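Peer 1: Structure in structure tokens, see below.
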Amino acid sequence: MAGRALYEKIFDSRVVREVLPGRYQLFVDLHLVNEVSSPQAFEALQERGLDVRFPDRTIATADHAVATRGNPVLDGSPENIRQVLKLRDNARKHALPYLDPERGEHGILHVLAPERGMVMPGMTLACGDSHSSTHGAFGALAFGIGTSQVRDVLASQSLLMEKLRVRRISVEGRLGPGVYAKDLALHLIRLLGSKGGVGFAHEFAGPVVEAMDMEARMTLCNMAVEGGARCGYVEPDDVTFSYLKGREHAPSARAWNRCQAYWRTLRSDPDAEYDDILSLDADAVRPCVTWGTSPDQSVAVDQPIPHPRSLPPDQQAAAVEALAFMGLEPGRPIVGTPIDVAFIGSCTNGRISDLEVVARLLNRSGMKVAPAVKALIVPGSRAVRQELHRRQLDTVLENAGFEVRDAGCSLCCGMNVDQLVGREVCASSSNRNFKGRQGSPTGRTLLMSPVMVAAAAVSGAVADAREVFEEHGA
Amino acid sequence: MTGSPPIRVVRGTALFIAGDDVDTDQIMPSRFLRSTSFTGLEQHVFEDLRQAGPHPFDDPLHASASILIAERNFGCGSSREHAPQGLARWGIRAIIAESFGEIFAANCTAIGLVCVTLARADRQSLSKACVDVPDAPLCIDLRRQRVEAAGAGFACTLPEGRRQQFLDGSWDSLSLLMADPAAVEEVDARTRVFAPPPGVL
């Protein structure tokens, strides 16, 4: 019998039963609950007279609707406030652990749960948010779900799921200076297309992934969903274990050795049979920038905006439409595209390592945000915000002309008071360049790494960060 | 817990949404996710695209359509159930596409909105027929996994377990998931050892 990939091992270990042919009841170890996708789920519980089955396997906090300036709750719109307070009330009613934004305990769930050591190898995790794929970085299976499934997990601690196919993506070579996990993710999505991952779990492996720290792995897994994959994951290793050790909810010293010994068994078998295998040369990856309205519409920063006719026939019509929406001209370099807003944050790139490298480059270069650019740094959690302050990086960023905000989804999702206005162009370290994504129906998003956003912010236009920050990578 | 009604056949007229990668931000823009209920979402389906120009959802010829035909990766992106809820409340009861965003398809199944896939050439003939003759009746037969339209018939697919959920009226997944609590408790107990839940903060 052929070996199994880690996906199958974890899946099999969490199957409660096969309910219908190929349709499994899958146990969910950890359920993250937010204010946007949960109110109707709690209401459904009430209608059916059900309670939350395992409150201690549930964590609730508000992230999409919080304000990043002033009081995180009360400075939202009336609708935002209502959503956040509804979650607080539902959490109280069902005795769920609630991280209270009014007490500064909040953050984006996909930043906060890992940093508190809640996500561990071998787990299954679900959250009413598509970027739940982030947690695969720990060798966990993590699924984005909708409100009816949030209801299912609250009531039964389980989900109905089919088994996915597994694609191993082995990243060989090494990433060059100034090239980050975000660039690798955008490069991969361009290569496979935004639908290339449909039906798959993506197993990220190879020397480049092994060399990545946990935060870079989270960025990579976060973007798996943008390539169509239902989840992405990395096999746990010493990098994973040392990240976890000592964190608030990680196993105690007494349980540590037992847990780590188990986690070490969570590897794909050497003779595992994959549904697809892809090998990728990281040396070829350059900083990426999107030019369209789907995350697969990107180019390397030193490339021109493509002519639709240079693309495969089935992508041409979409490219023509996207370019018209973006107001970009094919054949021109992407470098030099003027921007109005620079946004560094989100569950993709709002962690301390993302902000630390930006602060270091700005500090060394002494460069300032261009006068016409509104530049925002939004830490992924209050803890990241505090760490910035502790290391005085907030001052560095502010001196360079960035406004450093409080934690939240902010300008990534268009659901809170941070929004683009009119046709503003935003260089953004977030995950989606969909039309209207950042709150204005006509707003335009250019996805890139945090360092590339910083380069665009100081240049007033898209720029190659490797040239802007000359000493980069040295 | 009550079962949900079986869905064996969906009959109706169709409308066609052109283009790959129609994401859930297009189907239901973020600003309509600020409510704590799904009520009224039917008014905002595709709102930004409808504001930007003529749209099939505003075409009186398609006002009574109950089947949506789409291209590839329909419903990709955000997991917002507001997208299928809006479509369902507008009157859509089934979606035929070449492929679906997976979270979207799971959300649709959970609310009894049928998603079936069709091969590209078949989908192309079907959407052309729907544009040419907007009032042509269509029939999706889940028992035989066929789409019938104006004398033409195509094989359609959906995962077998989901098909059975529609046929036997168990698409409202919660009843299935609540059926065997002891089995859930067994997995809970077994997994606590190596993945301690966060518990009380």
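Peer 1: In Å, what Kirkwood hydrodynamic radius results for the range A:1-91 from the alpha-carbon pair distances?
Peer 2: One over the average 1/r among Cα pairs gives 15.9 Å for the range A:1-91.
Peer 1: Given H placed 1.01 Å from N in the peptide plane, which residues other than close sequence neighbours of A:ALA272 have an amide H under 5 Å from its amide H?
Peer 2: So A:ALA272 has HN proximity to A:GLY3.
Peer 1: Among B:75-81, A:374-380, what's the highest-first ranking by average C-beta atoms within 10 angstrom per residue?
Peer 2: So the order, starting with the most tightly packed, is B:75-81, A:374-380.
Peer 1: Calculate the mean, over all residues of peptide B:168-174, of how many other protein chain Cβ atoms lie within 10 angstrom of the residue's Cβ.
Peer 2: The shielding value for this peptide is 5.
Peer 1: Suppose we keep just the alpha-carbon trace of the range B:120-201; what are its Rg and Dmax in angstrom?
Peer 2: 21.8, 62
Peer 1: How do the peptides A:307-314, B:62-69 rank, highest first, by the average count of neighbouring beta carbon atoms within 10 Å per residue?
Peer 2: Ranking the peptides A:307-314, B:62-69 by packing returns B:62-69, A:307-314.
Peer 1: Please compute the net charge surrounding B:SER79, taking Lys and Arg as +1 and Asp and Glu as -1 over other residues with Cβ under 15 Å from its Cβ.
Peer 2: Net local charge, B:SER79 excluded: -4.
Peer 1: For chain A, just the Cα atoms, rotate onto the principal axes and tell me the three extents in Å, largest first.
Peer 2: For chain A, the Cα extents along the three principal axes come out at 56, 54, 45 Å.
Peer 1: Based on a Kirkwood Rh over C-alpha pairs, give the Stokes-Einstein translational diffusion coefficient of the range A:244-298 at 4 °C and viscosity 1.567 mPa s in µm²/s.
Peer 2: 80 µm²/s
Peer 1: Using bins 10 angstrom wide from zero, how does P(r) for the range A:3-161 break down, in % of all Cα pairs?
Peer 2: With a bin width of 10 Å, the distribution comes to 11, 40, 34, 12, 3, 0.
Peer 1: A further question on this structure: If you take each beta carbon of peptide A:374-387 and count the beta carbons of other chains within 10 angstrom, what is the mean?
Peer 2: Other-chain Cβ atoms within 10 Å of each residue's Cβ, averaged: 0.
Peer 1: Work out, in µm²/s and without decimals, the Stokes-Einstein translational diffusion coefficient of the range A:266-336 at 20 °C, 1.002 mPa s, Rh from Kirkwood over C-alpha pairs.
Peer 2: Reported coefficient: 149 µm²/s.
Peer 1: In whole Å, what is the distance between the alpha-carbon centres of the range A:103-154 and the range B:22-73?
Peer 2: 28 Å
Peer 1: Sort B:83-96, B:3-16 by the packing proxy (mean of other Cβ within 10 Å over each peptide's residues), most packed first.
Peer 2: B:83-96, B:3-16
Peer 1: Explain nothing, just the number: dipole magnitude of the range A:227-352 about its Cα centre with +1 on each Lys and Arg Cβ and -1 on each Asp and Glu Cβ, in debye rounded to the nearest 20.
Peer 2: The calculated dipole for the range A:227-352 is roughly 700 debye.
Peer 1: If one puts a single equal scatterer on every Cα of the range A:160-259 and applies the Debye formula without solvent, what log₁₀ I(q)/I(0) results at q = 0.10, 0.11, 0.21 Å⁻¹?
Peer 2: Result of the Debye calculation: -0.32, -0.39, -1.05.
Peer 1: Could you work out [θ]222 nm for chain A from helices alone, using -39500 (n - 2.57) per DSSP H run of at least four and dividing by all its residues? Round to the nearest 500 deg cm²/dmol.
Peer 2: That calculation yields -9500 deg cm²/dmol at 222 nm.
Peer 1: In addition: Below 8 Å between Cα atoms, with a sequence gap of 6+, how large is the relative contact order for chain A in percent?
Peer 2: Averaging sequence separation for qualifying contacts and normalising by length gives 17 percent for chain A.
Peer 1: What share of the DSSP beta bridges in the range A:277-434 is antiparallel, in percent to the nearest 5?
Peer 2: So the antiparallel bridges amount to about 30 percent of the total.
Peer 1: My understanding is that a pair violates if its Cα-Cα distance is over 32 Å; which of A:LYS9/A:LYS195; A:LYS9/A:LYS245; A:LYS182/A:LYS368; A:LYS93/A:LYS163 do that in this structure?
Peer 2: From the list (A:LYS9/A:LYS195; A:LYS9/A:LYS245; A:LYS182/A:LYS368; A:LYS93/A:LYS163), the Cα-Cα distance tops 32 Å for A:LYS93/A:LYS163.
Peer 1: What is the mean number of Cβ atoms from other protein chains located within 10 Å of the Cβ atom of each residue in peptide A:13-22, rounded to a whole number?
Peer 2: 6
Peer 1: Hand me the GluC sites (Glu not before Pro) from the range A:212-284 located in a DSSP loop with no more than 12 other Cβ atoms within 10 Å, in residue order please.
Peer 2: A:GLU248
Peer 1: Can I ask one more? In Å, the Kirkwood hydrodynamic radius of chain B over pairs of distinct alpha carbons?
Peer 2: Evaluated over chain B, this radius sits at 18.1 Å.
Only the coordinates and a few stated rules stand behind these numbers; no lab work does. In this text, all values refer to a predicted model and were calculated from it rather than measured experimentally. Cβ atoms come from the backbone with ideal geometry, glycine included; neighbour counts cover every protein chain shown.
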